[in-house]
Amino acid sequence: MTGSGNIPMTPSGLRKLKAELKHLQSVERGKISREIEVARAHGDLRENAEYHAAKEKQSHIEGRILDLNDWIARAEVIDPAKLGGDKVVFGATVELLDVESDKTVSYRLVGELEADLKKRWIAVTSPVARALIGKKEGDIATVQSPGGVREYEVQAIRFEDPEDEPLPES
């Protein structure tokens, strides 16, 4: 996802990216350097699987650090707690009624890097989110899904801080 343009995200999404970056730079880099040194001490590098695995892991870590730096630099932080209004926009938590099944579901519209289906956080670029943008309470959103067309009635729109999870140890 490297490239140009801003990346919308919530304050907690930015905090998580920064915490991961700090952890990779302050913990993982040192750990992998030590693994490479230990593997290098085992002799002939051409046939040293431990060395090659450690170098590959180092490459993965450095690539992730580059990605994180890029995303952090392009982050456009939008705080849902400071938003409001009666329309669905980025950061909103939307309660929906599935018109066909009569079941209620709630989704939070977040940036692509923050999407997490277990939490019911969906990317603002997803088909469901795109169908919801601009809708008001009582409106029907039509979503084309692999199983066919689904209709959702917007029951409620809330703007709230996400539950802040503890940041990873560093």
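Return the only residue of Lys136, Lys118 being under 15 Å from the mean Cα position of the chain (by Cα), open to solvent by 40 Å² or more (accessible area, probe 1.4 Å) and outside the structural domain of Arg15 (by the TED database).
Going through Lys136, Lys118 in turn, just one is under 15 Å from the mean Cα position of the chain (by Cα), open to solvent by 40 Å² or more (accessible area, probe 1.4 Å) and outside the structural domain of Arg15 (by the TED database): Lys118.
Could we say that Asp102 is under 22 Å from the mean Cα position of the chain (by Cα), among the acidic types (Asp, Glu), farther than 15 Å from Ile157 by Cβ and exposed (fewer than 14 other Cβ atoms within 10 Å of the Cβ) here?
Against the criterion (under 22 Å from the mean Cα position of the chain (by Cα), among the acidic types (Asp, Glu), farther than 15 Å from Ile157 by Cβ and exposed (fewer than 14 other Cβ atoms within 10 Å of the Cβ)), Asp102 does not qualify.
Is it true that Tyr51 is among the aromatic types (Phe, Trp, Tyr), outside the structural domain of Lys18 (by the TED database) and without any contact (Cβ under 8 Å) to a residue 40 or more places away in the chain?
Taking the combined requirement at face value, the residue does not satisfy it.
Any residue that is within 25 Å of Arg15 (Cβ to Cβ), among the hydroxyl-bearing types (Ser, Thr, Tyr) and touching a Ser or Thr at 6+ places or on another chain (Cβ under 7 Å) - is there at least one of those in the stretch 120-128?
no
Given the conditions (1) in contact with a helix residue (DSSP H, G or I) (Cβ under 7 Å, 6 or more places away or on another chain); (2) open to solvent by 80 Å² or more (accessible area, probe 1.4 Å); (3) of a type outside the set (A, V, I, L, M, F, W, C), report the number of the one that Asn48 does not fulfil.
Condition (2) is where Asn48 drops out.
Could you please give the count of residues in the stretch 83-98 that are surrounded by 18 or more Cβ atoms within 10 Å (Cβ to Cβ) and touching a Ser or Thr at 6+ places or on another chain (Cβ under 8 Å)?
Total satisfying the criteria: 4.
Can you say whether Arg130 is assigned by the TED database to the domain that holds Leu21 and within 19 Å of the chain's Cα centre (by Cα), as far as the supplied structure shows?
no
Starting from residues that are open to solvent by 80 Å² or more (accessible area, probe 1.4 Å) and either within 30 Å of Pro80 (Cβ to Cβ) or touching an Asp or Glu at 6+ places or on another chain (Cβ under 7 Å) (or both), keep the ones in the stretch 7-45 and report whichever is modelled with the lowest pLDDT.
Here the answer is His42.
For residues in the stretch 53-82 being farther than 18 Å from Leu113 by Cβ and at pLDDT below 90, which is surrounded by the most Cβ atoms within 10 Å (Cβ to Cβ)?
Looking at the filtered set, the residue picked out is Ala81.
The values are calculated or read from the model by the stated rules, or taken from the named source; none is laboratory data. Note that the structure is a prediction, hence the values are computed from the model and not measured. Reconstructed Cβ throughout: ideal geometry from the backbone, glycine too, with neighbour counts over all protein chains shown. Just the protein is used for accessible areas: all its heavy atoms, side chains included, with ligands, DNA and RNA removed. Shrake-Rupley method; radii C 1.70, N 1.55, O 1.52, S 1.80 Å.
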